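Throughout, read-outs are computed from the coordinates displayed, never taken from laboratory work. Just so we're clear, the structure is a prediction, and the values are computed from it rather than from any experiment. Note that each Cβ is placed from the backbone with ideal geometry, even for glycine, and that neighbours are counted across all protein chains shown.
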Amino acid sequence: MEQPITIGVDLAKSVFQLHGVDAEGAVVLRRQLRRSQMLEFFQNLPPCLVGMEACAGSHHWARALGRFGHDVRLMPPSYVKPYVRRGKTDRADAAAICEAVTRPSMRFVPVKSEETQALLLCHKAREFLVR
């Protein structure tokens, strides 16, 4: 199997969908992984570009995959949506994420540290209580 150089990951609650392409753009990876299999799978891969839609959980995964040498980039979901070619499925979303992360005009969300996420959680909770 060719090694993917770009992987799009569609995050979900328990099953994640992966879509990977090689240097020529040919699909070399279409796979579902359970949450417990993610770290082991990426630990065994050589460093590559990994794209994900930005959400609270994606920052955790970005930090974890970054420790293995992967270049993880987070994108706002609204920027990925135009790249979905067919119906709204996890597999189609992963392919769209893989396509979008390689675009030169794409804007990315910086990965937040645990401390920053905890601070933002406090601010949101306070805002909710004040309302």
Exercise. Quick one: Leu120 ticks every box in (1) on the phi > 0 side of the Ramachandran plot; (2) more than 16 Å from the chain's Cα centre (by Cα) except a single one, so which number is it?
Key: (1)
Quiz prompt | Contacts under 6 angstrom Cβ, first residue in the stretch 41-54 being buried (at least 18 other Cβ atoms within 10 Å of the Cβ), partner among the basic types (Lys, Arg), 6 or more apart | solution = Gly51/Arg73
Quiz prompt | Residue pairs meeting the criteria (Cβ under 8 Å; at least 6 apart or on separate chains; first free of Cβ contacts under 8 Å to residues at least 24 places away in the same chain, in the stretch 92-117; second of a type in the set (A, V, I, L, M) and assigned to a loop (DSSP other than H, G, I, E, B)) | solution = Ala92/Val84
Quiz item: Looking at (1) surrounded by fewer than 20 Cβ atoms within 10 Å (Cβ to Cβ); (2) in contact (Cβ under 8 Å) with a residue 60 or more places away in the chain; (3) of a type outside the set (Asp, Glu), which is the only condition Thr89 fails?
Solution: (2)
Quiz prompt | Subset of the stretch 3-39 that is touching a Leu at 6+ places or on another chain (Cβ under 9 Å) and exposed (fewer than 15 other Cβ atoms within 10 Å of the Cβ) - its residue that is nearest to Gly69 (Cα to Cα) | solution = Gln3
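Would you point out which residue out of Phe68, Phe128 is among the aromatic types (Phe, Trp, Tyr), within 24 Å of Gln37 (Cβ to Cβ) and over 14 Å from the mean Cα position of the chain (by Cα)?
Numbers: Phe128 fails: within 24 Å of Gln37 (Cβ to Cβ).
Going through Phe68, Phe128 in turn, the sole match is Phe68.
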Exercise. Would you check which residues across the stretch 9-26 are within 18 Å of Ala96 (Cα to Cα), in a loop (DSSP other than H, G, I, E, B) and over 13 Å from the mean Cα position of the chain (by Cα) and list them?
Key: Asp22, Ala23, Glu24, Gly25, Ala26
